[in-house]
Amino acid sequence: MVGVVTAAVPAARPRKRPDPKCPLRPGEPCTLCQASVTGPQDCGLVYLIMDDPESRDELAAWKRR
């Protein structure tokens, strides 16, 4: 084939996975404290704190300081 021009395809960059943040320790990454945990979304401690209205309010007050 005469006159065929092929365009260079840019190499795909590997996607960086976002680092989940711990909602109980503001600014710190989730360190996956428990073996079966994949992030804050299935952390037992985060569940307990966020499920209890008194504990959740205390956490919110602590974060405001």
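Nothing in this text is a laboratory measurement; each read-out follows from the coordinates by a stated rule. Small disclaimer: the values here were computed from a predicted structure and weren't measured. For neighbour counting, all protein chains shown are included, and Cβ atoms are generated from backbone atoms with ideal geometry for every residue, glycine included.
So if we plug the beta-carbon distance of THR38 and ARG65 into 1/(1 + (r/R0)^6) with R0 = 22 Å, what FRET efficiency do we get, rounded to 0.05? Numbers along the way, then the final one.
Details: r = 30 Å, r/R0 = 1.38.
Computed FRET efficiency for THR38 and ARG65 comes out at 0.15.
Working ranking of peptides 18-24, 54-60 by packing, defined as the average number of other Cβ atoms within 10 Å per residue, highest first, is 18-24, 54-60. The fewest-to-most ranking of LYS63, LYS16 by surrounding Cβ atoms within 10 Å reads LYS16, LYS63.
Between ARG13 and ILE49, what FRET efficiency comes out of the Förster formula 1/(1 + (r/R0)^6) with R0 = 35 Å and r the beta carbon distance, rounded to 0.05? Present the calculation step by step, with values, prior to reporting the outcome.
Values: r = 37 Å, r/R0 = 1.06.
It comes to 0.40.
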